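*Asks:* Pasting a structure here, questions to come.
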Amino acid sequence: MITDINELDLNKTYSYADYLTWQFQEKLELIKKKNIKMRHAPRTNNQRITRKLKGFMIYAFKNHSCELFIAPFDVRLLDKKKSALDKEIHTVVQPDLCVICDEAKIDERGGIGAPYLVIEILSPGNSNNEMKYKFDLYQEAGVLEYWIVNPGDKTFFIYVLKDNQFIGMHPLIEEDTIQSKLFPQLDFKLESIFN
């Protein structure tokens, strides 16, 4: 059992079984066995955006079988060639918000497998993580729709999975209205998120 984050060997590969034994306060994401990324507390503006998105999403999904989850919430992404055994899961992420529509993908420890919709909010220091590593992970895992929110320049980027590849929609700016391709009831003006 590891009780101090400094005891982690960053050259070692880890699985979800290892992740479950870690007993320290810091929040981590396990990316492809060995890339461990810190999750710092979100900035105030990110918290506001998350809260507003949560409000729109709760309303949009109130009479829907899909469920909204908010970080911290572990999502175990499965390698398509491996089983769902803890020792064979090598990626655990904590999306800012995610929607899961299949009860079989939810257990007492979080989500298992690709959510239908994932939303990540950029903050200084995690932009590379969201824009590159997680983009590739979510695409590979089969997330059907991925939103990247950039509070700094008040933009939204929507990617929809088609033929196992994310297709980018036209970037949205503050005066635009967003509408999910997957969930048409999820639509709102972006200015209501950024102001």
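The values are calculated or read from the model by the stated rules, or taken from the named source; none is laboratory data. In this text, all values refer to a predicted model and were calculated from it rather than measured experimentally. Virtual Cβ from ideal backbone geometry, glycine too; neighbours counted across all protein chains shown. When the accessible area is computed, the model is the full protein with side chains, heavy atoms only, and any ligands, DNA or RNA have been set aside. Shrake-Rupley method; radii C 1.70, N 1.55, O 1.52, S 1.80 Å.
*Asks:* Consider Tyr19 against the criteria (1) closer than 29 Å to Lys154 by Cα; (2) at pLDDT 75 or above; (3) surrounded by 13 or more Cβ atoms within 10 Å (Cβ to Cβ); (4) not basic (Lys, Arg): it satisfies all of them except one. Which criterion is unmet?
*Replies:* Every condition holds for Tyr19 apart from (1).
*Asks:* Quick check on my filter: what residues within segment 129-149 are polar (S, T, N, Q) and surrounded by fewer than 17 Cβ atoms within 10 Å (Cβ to Cβ)? Before you say what the answer is, go through the steps one by one.
*Replies:* We begin by selecting, within segment 129-149, every residue polar (S, T, N, Q); these are 129, 139.
The answer is Gln139, and nothing else.
*Asks:* A further question on this structure: Working carefully through the options Lys54, Lys62, find the one that is among the basic types (Lys, Arg), under 30 Å from Glu191 (Cα atoms), open to solvent by 70 Å² or more (accessible area, probe 1.4 Å) and in a loop (DSSP other than H, G, I, E, B).
*Replies:* On the way: Lys54 fails: in a loop (DSSP other than H, G, I, E, B).
Result of the check over Lys54, Lys62: Lys62.
*Asks:* Out of Val99, Val118, I need the residue that is among the β-branched types (Val, Ile, Thr), within 17 Å of Lys32 (Cβ to Cβ) and in contact (Cβ under 8 Å) with a residue 24 or more places away in the chain. Which one?
*Replies:* Values: Val99 fails: within 17 Å of Lys32 (Cβ to Cβ).
None of the others qualify; the one that does is Val118.
*Asks:* Look at segment 65-88 and say how many of its residues are open to solvent by less than 50 Å² (accessible area, probe 1.4 Å), touching a strand residue (DSSP E or B) at 6+ places or on another chain (Cβ under 7 Å) and part of a loop (DSSP other than H, G, I, E, B).
*Replies:* Taking segment 65-88 first, the residues open to solvent by less than 50 Å² (accessible area, probe 1.4 Å) are 66, 68-69, 71, 73-77, 83, 86.
The next check asks that each one be touching a strand residue (DSSP E or B) at 6+ places or on another chain (Cβ under 7 Å); those that pass are 66, 68-69, 73-77.
Filter once more, so that each one left must be part of a loop (DSSP other than H, G, I, E, B): 66, 73-74.
So the answer is 3.
*Asks:* Inspect segment 100-117 for any residue being on the phi > 0 side of the Ramachandran plot and either surrounded by fewer than 21 Cβ atoms within 10 Å (Cβ to Cβ) or of a type outside the set (Gly, Ala, Ser) (or both) and give the result as yes or no. Talk me through it step by step, then tell me what you get.
*Replies:* Within segment 100-117, the subset on the phi > 0 side of the Ramachandran plot is 110, 113.
In the following step, the residues that additionally are either surrounded by fewer than 21 Cβ atoms within 10 Å (Cβ to Cβ) or of a type outside the set (Gly, Ala, Ser) (or both) were identified as 110, 113.
Scanning segment 100-117 turns up at least one residue that is on the phi > 0 side of the Ramachandran plot and either surrounded by fewer than 21 Cβ atoms within 10 Å (Cβ to Cβ) or of a type outside the set (Gly, Ala, Ser) (or both).
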